[in-house]
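Everything below concerns the one structure shown next.
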Amino acid sequence: QFGAIGSRLTGAGWGGCTVSMVPTDKLNTFLKNVKKAYYQTDGQRLAVENNSLFATKPGRGALVFVEA
């Protein structure tokens, strides 16, 4: 709805979070819309928004090193 290519809910039984893949050109609009739709509707959520809503870039992932 807000421009993510895909999202996944993870850890929902323990507070949880979503991981969303968003094109760079839509990132600011995406974050603004999520903040408005989710955080600004609840005072408790808004209190933790600064530490909870952020963008990162994906890394290479896990590696396995095998001794030669």
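List of remarks:
- Some residue of segment 51-59 being in a helix (DSSP H, G or I) and either at pLDDT below 85 or surrounded by 10 or more Cβ atoms within 10 Å (Cβ to Cβ) (or both): yes
- Here Thr41 passes the criteria (1) of a type outside the set (Phe, Trp, Tyr); (2) assigned to a helix (DSSP H, G or I); (3) at pLDDT below 75 except the one numbered (2).
- Scanning segment 34-43 for residues that are aliphatic (A, V, I, L, M) and open to solvent by less than 50 Å² (accessible area, probe 1.4 Å) yields a single hit, Val34.
- Breaking point among (1) in a loop (DSSP other than H, G, I, E, B); (2) among the small types (Gly, Ala, Ser); (3) surrounded by 10 or more Cβ atoms within 10 Å (Cβ to Cβ); (4) at pLDDT below 85, for Ala47: (1)
- Any hit, segment 12-33, residues being open to solvent by less than 100 Å² (accessible area, probe 1.4 Å), part of a helix (DSSP H, G or I), at pLDDT 80 or above and aromatic (Phe, Trp, Tyr): yes
The values are calculated or read from the model by the stated rules, or taken from the named source; none is laboratory data. This is a predicted model, so every value here is computed, not measured. Using ideal geometry, Cβ is built from the backbone for each residue, glycine included, and neighbour counts are taken over all protein chains shown. We work out accessible area using only protein heavy atoms, side chains counted, and drop any ligands, DNA or RNA first. Shrake-Rupley method; radii C 1.70, N 1.55, O 1.52, S 1.80 Å.
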